[in-house]
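Written below as structure tokens is the structure these notes are about.
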Amino acid sequence: MPILLNNPELEVVVWPEDTSCDRDWLLENAPGATGIIVLLSDKLSDYLCILEHIDVPELAKRGVKLGYTPDVLTDAVADLSIMLALMAGRNAKETTQIVQSGQWPNHVWSPFGFCGPQLSATPTSPTRTAGFIGFGRIAKATLARLVPFGFTRCLYTANPSTPPNAAADAQVAAKYGIKEVHRVNMAELARESDVIFVLAPGGQNTYHIVNENFLKQMKKTAVLVNTSRGTLVDSDALAKALREGWLHGAGVDVVEGEPDVDANHPLVKAPRCVVLPHIASATTETRIEMATLAVNNLVNGIFGKPMPAELNTSR
């Protein structure tokens, strides 16, 4: 805020509450504004489309510059992706509920009670395969965090319009010190992966890409993690898969239709499914960096300078 408020050339209008901005207030103050910063909770699809809801051709037609905040959240999202993989595999949902409900004293211990698949490699299971739907910055940062767990194999899917690049795959393998990085189709990814991370962009091309057919092909010991967009995973299909044991568990930070997710949502009710309220970037350091980048995008855009992170709307 000081970057904005201390600039004598700017007149700054700020929503004064520490809550989601009132839609009517925003639409009343938007006309005539040279620049606007909106947050995840600001729904403007029929006025100005933002982020996943962007109508990029409309912005291009109107000559509206669009700044965004890539890169700065990569590490925070990768950290949370690993956390969800561990929580889903080690039955964190069910076991914490036992403690929180006061049932631990009544719980009868058994040798294999609440056992789940170990994320790290073991002498009897020395090979671990990571699967990625989408293989951008966050996926590679997640892979880097998996290497110390003993992962030696990485499979991924990519946009069909992008040609395979075996040389680039070999470079990634060498960089992280693993045996194999290989692009595969969705069926092979489902069959071969011990943990699958959903990290592709949203949109029509990836809508429900994780569906019943995909889930049926996964290992029964596998874990699915989604920290990208809720629309990539069919919630009903995943809930059914968990109930019927097609895979061991799932960890999701994003859900289709969020934040309208209550206690009766199929994923909240599903066994071995950890659901978080879209907090992957919620570290103090990351949010400060995101806010600073957003403000610098705005200020540079207003004064005709290149934005530090501007989406090319002409493509």
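Of the candidates 215, 242, 238, the single residue that is touching a residue at least 24 places away in the same chain (Cβ under 8 Å), more than 26 Å from residue 160 (Cα to Cα) and more than 14 Å from the chain's Cα centre (by Cα) is 242.
Please determine whether any residue of the stretch 93-100 is surrounded by fewer than 19 Cβ atoms within 10 Å (Cβ to Cβ), more than 20 Å from the chain's Cα centre (by Cα) and part of a strand (DSSP E or B). Taking every residue of the stretch 93-100 in turn, none turns out to be surrounded by fewer than 19 Cβ atoms within 10 Å (Cβ to Cβ), more than 20 Å from the chain's Cα centre (by Cα) and part of a strand (DSSP E or B).
If I ask for residues that are of a type in the set (D, E, K, R), surrounded by fewer than 18 Cβ atoms within 10 Å (Cβ to Cβ) and not in a helix (DSSP H, G or I), which ones from the stretch 182-223 would you list?
From the stretch 182-223, those of a type in the set (D, E, K, R) are 183, 188, 191-192, 194, 212, 216, 219-220; that's our starting set.
In the following step, the residues that additionally are surrounded by fewer than 18 Cβ atoms within 10 Å (Cβ to Cβ) were identified as 188, 191, 212, 216, 220.
Once the filter is applied, which keeps residues that are of a type in the set (D, E, K, R), surrounded by fewer than 18 Cβ atoms within 10 Å (Cβ to Cβ) and not in a helix (DSSP H, G or I), the stretch 182-223 yields only 220.
The single residue among 138, 178 that is of a type in the set (A, V, I, L, M) and assigned to a loop (DSSP other than H, G, I, E, B) turns out to be 178.
In the stretch 153-180, the residues that are free of Cβ contacts under 8 Å to residues at least 60 places away in the same chain form Cβ pairs under 8 Å with partners that are assigned to a loop (DSSP other than H, G, I, E, B) and among the basic types (Lys, Arg), at six or more places apart or across chains, as follows: 153/179; 173/179. When the stretch 65-98 is filtered for residues that are hydroxyl-bearing (Ser, Thr, Tyr) and closer than 30 Å to residue 303 by Cβ, the ones remaining, listed by number, are 68, 69, 74.
Do we find that residue 172 is in a helix (DSSP H, G or I) and in contact with a strand residue (DSSP E or B) (Cβ under 7 Å, 6 or more places away or on another chain) in this structure?
Numbers: in a helix (DSSP H, G or I): yes; in contact with a strand residue (DSSP E or B) (Cβ under 7 Å, 6 or more places away or on another chain): yes.
Spelling it out, residue 172 is indeed in a helix (DSSP H, G or I) and in contact with a strand residue (DSSP E or B) (Cβ under 7 Å, 6 or more places away or on another chain).
Within the stretch 112-127, residues that are in the same structural domain as residue 92 (by TED's automatic domain parsing) and within 18 Å of residue 96 (Cα to Cα) have Cβ atoms under 6 Å from residues that are hydroxyl-bearing (Ser, Thr, Tyr) and part of a loop (DSSP other than H, G, I, E, B) in these pairs: 117/221, counting only partners at least 6 apart in sequence or on another chain.
Selection of the stretch 25-35 for residues being closer than 16 Å to residue 64 by Cβ, hydrophobic (A, V, I, L, M, F, W, C) and at pLDDT 90 or above yields only 33. Condition (residue is over 20 Å from the mean Cα position of the chain (by Cα), basic (Lys, Arg) and outside any helix (DSSP H, G or I)) applied to the stretch 299-314: is it met by at least one residue? Scanning the stretch 299-314 turns up at least one residue that is over 20 Å from the mean Cα position of the chain (by Cα), basic (Lys, Arg) and outside any helix (DSSP H, G or I).
Scanning the stretch 114-128 for residues that are of a type in the set (S, T, N, Q) and loosely packed, with under 14 Cβ neighbours inside 10 Å, we see that the one that is farthest from residue 179 (Cα to Cα) is 124. Restricting attention to the stretch 269-286, and to residues there that are assigned to a helix (DSSP H, G or I) and touching a helix residue (DSSP H, G or I) at 6+ places or on another chain (Cβ under 9 Å), which single residue is nearest to residue 246 (Cα to Cα)? Filtering the stretch 269-286 for residues that are assigned to a helix (DSSP H, G or I) and touching a helix residue (DSSP H, G or I) at 6+ places or on another chain (Cβ under 9 Å), the one nearest to residue 246 (Cα to Cα) comes out as 269.
Residues that are in a helix (DSSP H, G or I), at pLDDT 95 or above and within 29 Å of residue 186 (Cβ to Cβ): does the stretch 65-75 have at least one?
If we filter the stretch 65-75 for residues that are in a helix (DSSP H, G or I), which is where we start, we get 74-75.
Narrowing further to those that are at pLDDT 95 or above: 74-75.
From what is left, the residues that are within 29 Å of residue 186 (Cβ to Cβ) are 74-75.
The answer is yes, given that some residue of the stretch 65-75 is in a helix (DSSP H, G or I), at pLDDT 95 or above and within 29 Å of residue 186 (Cβ to Cβ).
The values are calculated or read from the model by the stated rules, or taken from the named source; none is laboratory data. Just so you know, these numbers come straight off a predicted model, no measurement behind them. Methodologically, a virtual Cβ is constructed for each residue, glycine included, from the backbone with ideal geometry; neighbour enumeration extends over all protein chains shown.
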